[in-house]
Amino acid sequence: MDVRKLIYITVVVLVFSVSNLFASPIASIGFESNPLLFREDGTGLLKFSLVADAGLYQNLFTLSNLNAILNEEVVKINKDTMSAALRNGISFSIPLNLTFYGNLRLSQFSLVPYVALEGGLSTKFPKELSELLFGDTTVETNLDKTIDNFSVADLKFSAGLNVLFGDFLIGLNLFVPLLYSYSNGTYLSVRYVSSAEPARASMEVSTRLSYLSAVDLSNVGEISLNHLFNLSDAGLNVAVGYGNNRYGIVLKDLTLKPATARYWIATGADAKFEYSGDGLEFNTSTDVKTIDPTYFQTTGVNILDVPKLSAYYKEDGFFCWGVSGTLAFDGRWVIGAHAGLNLGAVRTYYKLSVRDGFFAHTLGFNFNLFLLVANLSFTSTADTIFPSENSTPGFEMLVKLAAGF
């Protein structure tokens with residue numbers, strides 16, 4: 001039984017590794033997720049900023065497991081440490097955001113042009129598969145299940161202009177899909193059969209991943225920048241909002257014109273495990289096959305951005321605090337609260353967030369020297385609100401550098 005479970009774990013990790021050949025949930029709550037907060041970046045007249053944000057959330061491996069992997073030791077996973085994965089299903093998420101923007105402030109107006117690479121990948125295995133791998137599997141257990149769209153990718157390049165006038169915001173943005181999951185061709189299929197007499201068990205796992213893109217990723221390194229994609233294939237969306245220094249709400253990524261994806265990428269993996277026993281003799285066999293990425297050109301598929309509703313309430317005194325949240329219309333969400341000390345040129349804060357079932361603890365520092373601004377934060381994530389040796393760690397790092405006056 002221990003050998004069987006170890007092989008199962010190997011299979012699921014191999015399958016997941018294929019799904020990450022191309023790598024968020026929603027970008028973390030903060031400056032970039034709610035454009036109303038551009039008014040508070042310390043700009044007097046003109047400022048340019050660069051923001052980099054990336055991370056990894058997961059609920060499979062504990063600190064002990066990760067230490068074992070790093071030290072090339074045996075990875076021991078038991079039911080007690082897998083409570084969240086057994087309850088909700090094994091999940092992974094990789095957020096990514098790289099943004100460059102300017103802020104020109106003219107009296108009541110703020111003009112904020114920007115370019116950004118944003119989005120990421122999230123994968124969630126079904127609860128039944130998680131229980132089969134790490135629960136109390138018994139003989140005479142059968143499972144035949146297919147989960148569609150278990151992996152979601154929404155990596156895009158965007159550029160646009162946000163305009164703030166008083167308490168009002170309007171933004172117009174172009175977006176180019178770089179890697180969007182195609183639900184009709186993305187699925188995970190699991191078939192498991194076991195018996196006591198004769199002692200036998202077999203498991204087959206197949207995954208197929210399909211992605212759409214407006215860019216020919218098969219030879220992207222050989223294409224000049226001005227021929228990388230057709231500008232007419234870019235989508236157009238709008239953002240509208242209202243808010244002030246205490247509260248605000250924004251509805252963004254409302255698609256006015258869908259983007260057109262003319263390239264399709266397909267990959268996947270197949271894994272099969274068989275076990276049989278006769279007395280003291282045991283036989284096991286495994287067969288894992290990965291499918292190299294295949295690239296096709298399509299006549300064009302419309303891609304709509306996912307609308308998001310973002311809101312905040314905050315107090316900015318010496319003791320600063322606030323709450324904020326973002327809800328994507330596809331069901332993803334994040335909500336959090338922060339508290340800190342505002343010393344003017346230096347601000348330090350702590351933030352607790354919940355993001356699609358993950359708890360995130362963020363410690364951040366903001367240095368505002370008028371001509372130079374730096375915002376550094378580190379986030380530790382886990383499947384429990386109080387991380388422990390048996391919780392499953394993840395991380396996120398954000399760096400913002402700005403210069404101007």
*What does the charge dipole of region 294-390 about its Cα centre add up to, to the nearest 20 debye, if the Cβ of each Lys and Arg holds +1 and the Cβ of each Asp and Glu holds -1?*
180 debye
*Three-way shape call for region 280-405 based on the alpha-carbon gyration tensor, with the a/c threshold at 1.5*: prolate
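Go through Lys252/Lys400; Lys124/Lys308; Lys127/Lys252; Lys47/Lys308; Lys124/Lys400 and tell me which ones have a Cα-Cα distance over 25 Å in this structure. Show your work: numbers first, answer last.
Numbers: Lys252/Lys400 22 Å; Lys124/Lys308 21 Å; Lys127/Lys252 32 Å; Lys47/Lys308 27 Å; Lys124/Lys400 30 Å.
Cα-Cα > 25 Å for Lys127/Lys252; Lys47/Lys308; Lys124/Lys400; rest within.
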*asked:* Test of understanding: express the Cα radius of gyration of region 303-352 as a ratio to 2.2 N^0.38 Å, with N the residue count.
replied: 1.46
_Inter-centroid distance (Cα atoms) of region 38-59 relative to region 89-127, Å_ = 9 Å
*Heavy-atom accessible area of Lys127 with all protein chains present, probe 1.4 Å, nearest 10 Å²?*
90 Å²
*Lys and Arg at +1, Asp and Glu at -1: add these up for the other residues within a Cβ distance under 11 Å of Leu96 and post the number.*
-3
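The values are calculated or read from the model by the stated rules, or taken from the named source; none is laboratory data. If you're wondering where the values come from, they're calculated on a predicted model, not measured in any experiment. Note that we place each Cβ from the backbone using ideal geometry, even for glycine, and neighbour counts take in every protein chain shown. Heavy atoms of the whole protein, side chains included, go into the accessibility calculation; ligands, DNA and RNA do not. Shrake-Rupley method; radii C 1.70, N 1.55, O 1.52, S 1.80 Å.
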